[in-house]
Amino acid sequence: MYMDLTILVEQMKIIATLMAIGFLWQKLKLFDDKLIDSLSVLIAKLILPLMLCTIIGSISRDEIADGIRLFLATAVIYSLTVFTAKFLSRFYRLDEPNRSMHALLQCYGNSGYIGIPLITSVFSAQAGIAAAAYTIVDSFFYWVVAPLAAGGESINFKKLVSPITLSVLAGLVLLALNINFDNSIVWDTMKNVGGTCKYFASIYIGMCVGRMGMDKLRNNLKSVTAAPVKLILIPLLAFFMFGKTGFLKGDYLLMFVMLCASPSGMSLPIVADIAGTDSAEYASAGVIISTVLCLFTFPFIMWLISLL
């Protein structure tokens, strides 16, 4: 198992630079809150779905068996980490609803804006199958399990039907039909638009950091303690459980670890709103801290597992 860490470091430098640009634009008031929210909608409902559809639709049928393994590994690691984090939450010195949200900050990752664009940049030929397997499980846990774990009393299955999940389904259908889109102007356009996801998503994250404000970060500084679990312990657990046992190998194992090492998910504040809890600000602070720290922990984790 080998990975050129210089490629990953260069990608993290690009993400960091784009985040800095987004931060600066927000501070200079070039983008107000309305424009930032509009950018978020554009990414979530157009750019990210096009990226998922095209990379999944481009994979080979020979990779389906590996996709099933990745799907099972994702389901296991999500179930294990959610259960463990909820169990440990009883020992946190936090009041509800922040205590439950703290547990979710340790479990739910930002695969859409960070993880999948990153593995697409590093493992372009094989990223589709990992993206499909991970996103299916990730969506279920986000919109069904997470609101309940955050203190909600009901399940909104309608949230499972979104541009992201529909794009994954469309990509799988194209894979099943085995259609060749070579030299298709429509397909190439979709791929090129989807290929900008890393750039726009990183700028958007930088803007979110800027508009969060230092006062809100200081008031929710305890959320930083969720970061080591999400950014270090979970990817290491994934590596030992599925790498050392031989269940996943090679690039598929590396992609899986990288997806598990993604920072806390940008949608967790939305989860707090769905659950009807007053923890959205705590979630936002935890997400921002985790995202900034991942610029350093991503290369560290991949370097560390190369030694194990």
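Under a model in which nothing but the beta-carbon of Lys, Arg (+1) and Asp, Glu (-1) is charged, the chain shows a dipole of about 480 debye around its Cα centre. With a cut-off of 14 Å between beta carbons, the residues surrounding Ile47 carry a summed charge of +3, where Lys and Arg count +1 and Asp and Glu -1. Working note: Cα gyration tensor of region 224-273, eigenvalues times five, square-rooted, sorted largest first, giving semi-axes of 25, 12, 8 Å. Taking each of Lys45/Lys191; Lys13/Lys230; Lys191/Lys249; Lys34/Lys216; Lys29/Lys158; Lys27/Lys216 in turn, the alpha-carbon distance tops 26 angstrom for Lys191/Lys249; Lys29/Lys158. Between Asn178 and Leu72, the FRET efficiency estimated from the beta carbon spacing at R0 = 30 angstrom works out to 0.80.
Screening the chain for whole DSSP H helices of 15 Å or more along their axis (Cα) with average Kyte-Doolittle hydropathy at least -1.0 returns 5-27, 64-88, 127-140, 163-177, 197-212, 250-260, 280-307.
Projecting the Cα atoms of Pro263, Val41, Ser167 onto the dipole axis of the chain, where Lys and Arg carry +1 and Asp and Glu carry -1 at the beta carbon, places Pro263 farthest toward the positive end. Computed over region 204-308, relative contact order equals 37 percent, with contacts defined as Cα pairs under 8 Å that lie 6+ residues apart. Counting neighbouring beta carbons within 10 Å and listing from fewest to most, the residues Lys191, Lys45 come out as Lys45, Lys191. Note on Asp62 and Ile14: the model spin-label points, each 7 Å out from Cα along the C-beta direction, lie 2.7 nm apart.
Secondary-structure-derived ellipticity at 222 nm for the chain, considering helices only, amounts to -21000 deg cm²/dmol, per-run term -39500 (n - 2.57) for DSSP H runs with n ≥ 4. Considering only Phe23, Pro97, Ile185, and ranking their Cα positions along the charge dipole of the chain that arises from unit charges at the beta-carbon of Lys, Arg, Asp and Glu, the one farthest toward the positive end is Pro97. Over all pairs of different C-alpha atoms, region 19-99 has a mean inverse distance whose reciprocal, the Kirkwood radius, equals 17.2 Å. Kirkwood radius, region 204-308, all distinct C-alpha pairs, inverse of mean reciprocal distance: 14.7 Å. Give me the base-10 log of I(q)/I(0) for region 192-260 at each q in 0.16, 0.20, 0.27 Å⁻¹, Debye formula, one uniform scatterer per Cα, rounded to two decimals. Values returned for q = 0.16, 0.20, 0.27 Å⁻¹ are -0.82, -0.92, -1.05. Maximal additional length on extending the Leu88-Asp4 stretch stands at 26.6 nm, based on 0.36 nm per residue less the C-alpha distance. As a ratio to 2.2 N^0.38 Å, the alpha-carbon radius of gyration for the chain is 0.95. The Leu304 and Val193 beta-carbon pair, evaluated with R₀ = 35 Å, returns a calculated FRET efficiency of approximately 0.50.
Read the figures in this text as sums done on the coordinates, not as results from a lab. The shown structure was predicted, so the numbers you read here are calculated from the model rather than taken from an experiment. All Cβ positions, even for glycine, are placed from backbone atoms using ideal geometry, and neighbour counts span all protein chains on display.
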